[in-house]
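The values are calculated or read from the model by the stated rules, or taken from the named source; none is laboratory data. Because the structure is predicted, anything quoted here is derived from the model rather than measured. We place every Cβ from the backbone using ideal geometry, glycine too, and count neighbours over all the protein chains shown.
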Amino acid sequence: MKVTYKAAAKINLMLDILSRLDNGYHSLFMIMQSVSLFDEVSVEKTDRGGIIIKSSEKRIPCDETNIAYKAAKKFFDKTGIEDHNISIYLKKSIPFAAGLAGGSADGAAVIAALNDLYDTGLTVKELCSIGAKVGADVPFCLTGGTMAAQNIGDVLSDLPCLDDCYIVLSKPDAGVSTAAAYAEFDKNHVRHLDTVSMLYAAANGDFDGICRHTGNVFEQLIEVPQRVDIKGVMYDNGAECACMSGSGPTVFGIFKEKANAENAYNTLKNKYEQSYICTPVKSGLVKTEG
């Protein structure tokens, strides 16, 4: 039996780091949104070999450092299942090292697929508890939609769905290390964002208010030279807002009009190959097989 999930990328409509915790993690405030850019993750049982990972993206390591591997290991640790012979195939569409939670989305899909394959019957809350041990974005990727995420990303609160709109993503060639990004926060003072106004807007489904308060504290810490150019193209074509996602370097723009989004996308695609046009989606995972 094979189980396959489509795993959605995410953007951060807001990302603020409140403080560094004693355990080395960081206390976060985020408003997160799933978007219609998907990896496809297939998991099936095998007769031998342990946890085997294959990927369509040859630059991604397929060993124990892969989040999908870590997710499988944490699932087996939690459930006590001794049969660890599985094969995982990652059909990648989400760019990696992009601030779009591609790895976390894959990890979430693996946890959900294993719950199906082994018929363990774990609740979403229990799956998220496993995911939190793998990565800060994994619990959100297991649920998805529009949510506030706090603590290390594991405390999630449902929010009204984002209004229908178009979202353009554009990733420059350079990648950004998430660990290095957080290290910059630890060394520098930052201007914190207006999290109260953003939460109020998001909780009330105020699309204009969300766009007005969109922000990412990492823009104060991470230098992405192409960010100004990408934002300029988006605003020139009528974006309601433009912001970096996660620890970068991907920049997203939100558009009310499809034609404006398409114009921005076409311009950016000529400069930055990893550019995409998508829409908000209401779930982080969609089961397609099994």
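The figures follow:
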quantity: Any hit, the stretch 75-86, residues being within 12 Å of residue 51 (Cα to Cα), in a loop (DSSP other than H, G, I, E, B) and not charged (D, E, K, R); calculated: yes
quantity: Scope the stretch 144-171; condition part of a strand (DSSP E or B) and of a type in the set (Val, Ile, Thr); matching residues; calculated: 146, 155, 167, 168
quantity: Residue match in the stretch 176-183 (condition: touching a strand residue (DSSP E or B) at 6+ places or on another chain (Cβ under 8 Å) and surrounded by fewer than 22 Cβ atoms within 10 Å (Cβ to Cβ)); calculated: yes
quantity: Where residue 109 falls short, out of the listed (1) closer than 19 Å to residue 287 by Cβ; (2) out of contact with any helix residue (DSSP H, G or I) (no Cβ under 6 Å at 6 or more places or on another chain); (3) surrounded by fewer than 17 Cβ atoms within 10 Å (Cβ to Cβ); calculated: (3)
quantity: Among (1) buried (at least 21 other Cβ atoms within 10 Å of the Cβ); (2) outside any helix (DSSP H, G or I), the one test that residue 141 misses; calculated: (2)
quantity: Top-ranked residue of the stretch 69-86 - restricted to ones that are basic (Lys, Arg) and buried (at least 19 other Cβ atoms within 10 Å of the Cβ), ranked as nearest to residue 117 (Cα to Cα); calculated: 74
quantity: Residue 287 vs. criteria within 16 Å of the chain's Cα centre (by Cα) and either of a type in the set (D, E, K, R) or surrounded by 23 or more Cβ atoms within 10 Å (Cβ to Cβ) (or both); calculated: no
quantity: Condition broken by residue 116, with the remaining ones in (1) at pLDDT 95 or above; (2) in a loop (DSSP other than H, G, I, E, B) satisfied; calculated: (2)
